[in-house]
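Structure record follows, encoded as structure tokens.
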Ligand SMILES: Nc1nc2c(ncn2[C@@H]2O[C@H](COP(=O)(O)OP(=O)(O)OP(=O)(O)O)[C@@H](O)[C@H]2O)c(=O)[nH]1
Ligand SMILES: [Mg+2]
């Protein structure tokens, strides 16, 4: 059998691609390789780029990547739910493929379709990030549309989260759901060439200054204006992300953040595996069907059944 973990560590993009495909297919062969990669993870810095559909996330990701490459850093890109048919936003893969990054061996791009991952999309994304980390990429960018619980979990994988807003998309601060402001470490006002950009900039800045939750934190999120298509403001964005990284590192918060993530991940993995095994057994021997019948006929209650199943499983 080929030693994919070793090949990934040696920098083979084909081995990385193969391992990622297994992860996407939830192929159990990935497990032992992931286990061997684990000691080699934790070096990469992870940046999340989120925002409404069509906000310019892919364009920003492309320009951001290029700016990092100019600094000599290697980059991994994970695009989750790359495009919606409604916005005219190109699939990130296509956008980057068209660009100068396409032939750059220092860049590795992967799009993740949001199909029904049993273990959850966030887990699949976390594993892909780990592969790229072990693969040696200095910075990993995760592009995701900012809606839904999956996406919130995905954003939890990032060390620094950039929230992309645009003028004139109804993306005014007033319409923003509670909690959205709090996930941002850096605010990006993209499409600053459009009318209303200054007003949105002012609104966000005021809100950042006044928001009680943000003020409680030691970090005040900077607000950066960009015109991604023109490559304008990208250096400011890079600087803002670097400043946040320095803040996290020097305050010990990065280590704390990663410890919390390891804890959540471990619990989530145990949860997933336990559930998988118990479900497998219950369905294999027809017990689940019998239980359901009994519950429907009120001979049994689901509360009792849950207690029994778990207690029995623990004893065995
Ligand atoms: N005017 C203007 N257009 C921009 C800017 N940045 C991106 N666009 C355009 O906005 C459209 C959407 O850009 P994408 O980068 O695909 O946006 P996205 O957020 O990745 O889109 P989805 O992945 O579909 O959510 C494209 O037509 C871009 O050319 C900008 O700064 N100014
Ligand atoms: Mg996109």
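Tell me yes or no: at least one residue of segment 30-44 is within 16 Å of ligand 2 (Cβ to nearest atom), crowded, with 17+ Cβ neighbours inside 10 Å and within 18 Å of the chain's Cα centre (by Cα). No; the residues of segment 30-44 include none that is within 16 Å of ligand 2 (Cβ to nearest atom), crowded, with 17+ Cβ neighbours inside 10 Å and within 18 Å of the chain's Cα centre (by Cα). Taking every residue in segment 255-276 that is touching a residue at least 24 places away in the same chain (Cβ under 8 Å) and pairing it with any residue that is not in a helix (DSSP H, G or I), at least 6 positions away or on another chain, the pairs with Cβ-Cβ distances below 6 Å are 272/119. Exactly one residue out of 262, 243, 305, 311 is touching a helix residue (DSSP H, G or I) at 6+ places or on another chain (Cβ under 6 Å) and assigned to a helix (DSSP H, G or I): that is 305.
Among helices (runs of 4 or more DSSP H) entirely within segment 1-82, having at least 3 residues that are over 20 Å from residue 151 (Cβ atoms), more than 13 Å from ligand 1 (Cβ to nearest atom) and outside the structural domain of residue 228 (by TED's automatic domain parsing) singles out 4-9, 13-24, 30-37. Checked against (1) under 17 Å from residue 50 (Cα atoms); (2) more than 16 Å from ligand 2 (Cβ to nearest atom); (3) assigned to a loop (DSSP other than H, G, I, E, B); (4) at pLDDT below 85, residue 181 meets all criteria but (3). For residue 246, the conditions (1) surrounded by 15 or more Cβ atoms within 10 Å (Cβ to Cβ); (2) more than 13 Å from ligand 1 (Cβ to nearest atom); (3) under 28 Å from residue 43 (Cα atoms); (4) without any contact (Cβ under 8 Å) to a residue 40 or more places away in the chain all hold with the exception of (1). Say whether the condition of being away from ligand 2 (no atom under 13 Å from the Cβ), touching a helix residue (DSSP H, G or I) at 6+ places or on another chain (Cβ under 7 Å) and modelled with pLDDT of 90 or more is met by at least one residue in segment 77-98. Within segment 77-98, none of the residues are away from ligand 2 (no atom under 13 Å from the Cβ), touching a helix residue (DSSP H, G or I) at 6+ places or on another chain (Cβ under 7 Å) and modelled with pLDDT of 90 or more.
Can you spot a residue in segment 272-279 that is under 29 Å from residue 62 (Cβ atoms) and either touching a strand residue (DSSP E or B) at 6+ places or on another chain (Cβ under 7 Å) or not in a loop (DSSP other than H, G, I, E, B) (or both)? Give the derivation first.
In the first step, residues of segment 272-279 are kept if they are under 29 Å from residue 62 (Cβ atoms); the result is none.
Checked segment 272-279: no residue is under 29 Å from residue 62 (Cβ atoms) and either touching a strand residue (DSSP E or B) at 6+ places or on another chain (Cβ under 7 Å) or not in a loop (DSSP other than H, G, I, E, B) (or both).
The values are calculated or read from the model by the stated rules, or taken from the named source; none is laboratory data. Treat the numbers as computed from the prediction; the structure is a model and nothing was measured. Here the Cβ is made from the backbone with ideal geometry for all residues, glycine too, and neighbour counts use every protein chain on show.
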